[in-house]
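Structure first, commentary second.
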Amino acid sequence: MRITHTLQHALGRTRRQLTRLDDQPLGRATLLVVLFLDLFILVSIFDGLAAHTRQLTAPDEYIPHTCRSLVIDQDWTPASRLARLSALASHTDTLAPHDHPDHHPACAPYLTLIERIEADKGAVGLLETRRRLDREARELQLGIDRLKGAYDTALLERMAGDAPGQTPVDASKAEFRTKAAALDGIKTRLATLDTTLDAHPAVRALWTALDQRPAAERQALIDDLHRLEFWFPVKQLGMQLVFLLPLFVAFLAWNNASLRKGRSLQTLVSAHLLVVSFIPIFFRIVETIYRIIPRKFLAALFDFLEAFKLVAIWHYLMMAVVIGAALLVIHLFQKKLFSRERLLERRISKGECQGCGRHLPADSAACPFCGYAQLRPCPHCQGLMHRHAPFCRHCGGAAAG
């Protein structure tokens, strides 16, 4: 109870620091300037935070997608590897990131070989030509498939006597032959081009490295990737706090010094900056917890429950969490936002009955609708004060006396 009272007192003091200057509410112009300062500092903090944490190598940079495809997924089979290499050649920025030269030891040899291919203009030209021919072959094959359907339909109609002549069938047949001949020509060119590419020294070196991959390399890379993905959010949070905490401590010290020396203007500004610097700290901590617990711990928990056929416990747990969250929200609404104290404050300020809430005639000592007495003697000056007001309207004394 004492902790709750202390927290409420601290929140009330902070609210007064944020909204008042020299015990007066902030003017609109002053409020606009303060909010502009808050927004500028907040954007500056997030920009600096992004630049600071960019120094940390992410799992996607240490083990790029290309390496995962090569080693973990092992998608680069002899039948598909030239097509995949051609696709990379059309997006040279995805071959191997130069901005982050530090890669996993299992990735570095393959990425170095891909960089060598990327640097060879002749090899890149051949790969781009292959990609273009492959695209043309797919388009021709789609056209042939459509012509087959149209040809079969026209032939059936002619056999049934629905079509008047042979022209549509003959035209489809001629176009089919033209496209088939063009497709055969492209396939011949592709076969020749594939032979040339496979014989290219840089490409052949990559294929040799892929064929000689150690058997244990894949599992070791998977283990390292899982470990990196788990610990990276923690390391990232650490770097973020290294940037954020000095700002928060500096603004806190400034605020405390301003309060001690009675500098109201500096108290106002430092209180706002204190809140602004706390916002990214709070959200970064919540984000890190979300990235670690739901995606890691809860996934492992669900797998464990599935293994022992206890999935029902998961649903019971989710219902309990939702019920607990609903109780918390109801408590906050009922006790904090719409508490009886706030309700009575609104009724007094609006000239309404403190008992039933209906509007009162001016200077009413009791409610003409429910009979509820509105006033009582002040314990300090004995003047009449509102029955549930925290302070006397005459002397300003506290109701508790």
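If one puts a single equal scatterer on every Cα of segment 220-297 and applies the Debye formula without solvent, what log₁₀ I(q)/I(0) results at q = 0.11, 0.14, 0.23, 0.25 Å⁻¹? Treating every Cα as an identical point scatterer, log10 I(q)/I(0) equals -0.43, -0.58, -0.97, -1.05.
Less than 12 Å from a label point 7 Å out along the Cα-to-Cβ axis of Arg28: which backbone N atoms in segment 256-275 qualify, by residue? The answer is none, because no backbone nitrogen lies closer than 12 Å to the label point.
Among Asp184, Asp102, the ranking by other beta carbons within 10 Å of each residue's beta carbon, starting with the fewest, stands as Asp102, Asp184.
For segment 45-90, trypsin sites (Lys or Arg not before Pro) are listed when DSSP marks them as loop and at most 14 other Cβ atoms sit within 10 Å of their Cβ; the list is Arg54.
What is the Cα radius of gyration of segment 339-401 over 2.2 N^0.38 Å, N being its residue count? Could you put the intermediate results ahead of the total?
Numbers: Rg = 11.3 Å, N = 63, 2.2 N^0.38 = 10.6 Å.
Against the compact-globule rule of thumb, the ratio is 1.06.
What FRET efficiency comes out for the pair Lys350/Leu265, r = Cβ-Cβ distance, R0 = 41 Å, nearest 0.05? Computed FRET efficiency for Lys350 and Leu265 comes out at 0.80.
One chain, two ends: Ala312 and Ala220. Fully extended at 0.36 nm per residue, the span grows by 29.6 nm beyond their Cα-Cα distance. Of the peptides 123-130, 140-147, the order by per-residue mean of other Cβ atoms within 10 Å, starting with the highest, comes out as 123-130, 140-147.
Every number in this text was worked out from the coordinates using simple rules, so none of it is lab data. Because the structure is predicted, anything quoted here is derived from the model rather than measured. Methodologically, a virtual Cβ is constructed for each residue, glycine included, from the backbone with ideal geometry; neighbour enumeration extends over all protein chains shown.
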